[in-house]
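No value in this document is a laboratory result; all are computed from the given coordinates. Only a predicted model underlies this, so the values are computations on that prediction, with no experimental measurement involved. Here the Cβ positions follow ideal geometry from the backbone for every residue, glycine too, while neighbour counts run over all protein chains shown.
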Ligand SMILES: Cc1cc2nc3c(=O)[nH]c(=O)nc-3n(C[C@H](O)[C@H](O)[C@H](O)COP(=O)(O)O)c2cc1C
């Protein structure tokens, strides 16, 4: 039986998306590689090797990470031929998070993805700069949000890709 090769490509400003990527790596079947766009720069692995490609970014000011947006743009022809898992981390949930997710990736990928979801984006205050701390505190208080790392949704996400 052929072993499924998966790569998780992610970008993470303060570490939360990286944490989800690492959790997924443990939960997915087959060979799983991690690829941090923050660290890899232009020396990327050959994406055509992988049957399944998981892409994860974080939402800041309503938008997905720029590194993820350009990775997706540059690889779209290959991505539409692969099994896809797409996710974002965000402090909003519900309808607002779905809206952000739907503009974080091109429709053609979202429609084809085996699974696409948002995960609660905790805020690692010690890693935020002064301005980011103020923005985060104001929004969280105004919207009564309390984002914490969630395990169940990640497990469900992995289960869908493992089927
Ligand atoms: C300055 C700032 C702006 C943010 N803007 C948004 C936003 O517009 N929508 C949202 O859902 N989450 C927003 N977040 C929450 C981040 O998406 C969340 O903390 C995420 O987990 C960060 O992941 P990372 O550390 O991997 O980059 C913001 C966080 C910060 C610090």
Problem - Bridge type composition, region 5-162 - antiparallel percent by DSSP, nearest 5 - result: 5 percent
Exercise for the section: Please give the contour-minus-distance gain from residue 155 to residue 51: 0.36 nm per residue of separation, less the Cα-Cα distance, rounded to one decimal in nm. Expected result: 35.4 nm
Handout entry: Two-site label geometry, residue 76 and residue 3: point separation in nm, points 7 Å out along Cα→Cβ
Key = 3.4 nm
Practice task
Starting from the Cα-Cα distance between residue 42 and residue 130, subtract it from 0.36 nm times their residue separation and give me the gain in nm to one decimal.
Solution key: 28.7 nm
Exercise for the section: Using only Cα atoms, locate the centre of region 100-125 and the centre of region 58-92, then give the distance between them in Å, rounded to an integer. Expected result: 7 Å
Problem - Debye intensity ratio I(q)/I(0), log10, region 5-162, q values 0.17, 0.18 Å⁻¹ (C-alpha model) - result: -0.97, -1.09
Handout entry: Helical contribution to [θ] at 222 nm, DSSP H n ≥ 4, -39,500 (n - 2.57), averaged over the chain, rounded to 500
Key = -13000 deg cm²/dmol
Fill in the blank from the handout: Computed over the chain, the relative contact order (Cα-Cα under 8 Å, seq sep at least six) in percent reads 24 percent
Completion exercise
Given 57-66, 73-82, the highest-first ranking by average Cβ count within 10 Å works out to 57-66, 73-82
Exercise for the section: Subtracting the Cα-Cα distance from 0.36 nm times the residue separation, let me have the gained length for residue 33 to residue 142 in nm, one decimal. Expected result: 35.4 nm
Handout entry: Cα-based helix-to-principal-axis angle, 130-143 vs the chain, degrees rounded to 10
Key = 80 degrees
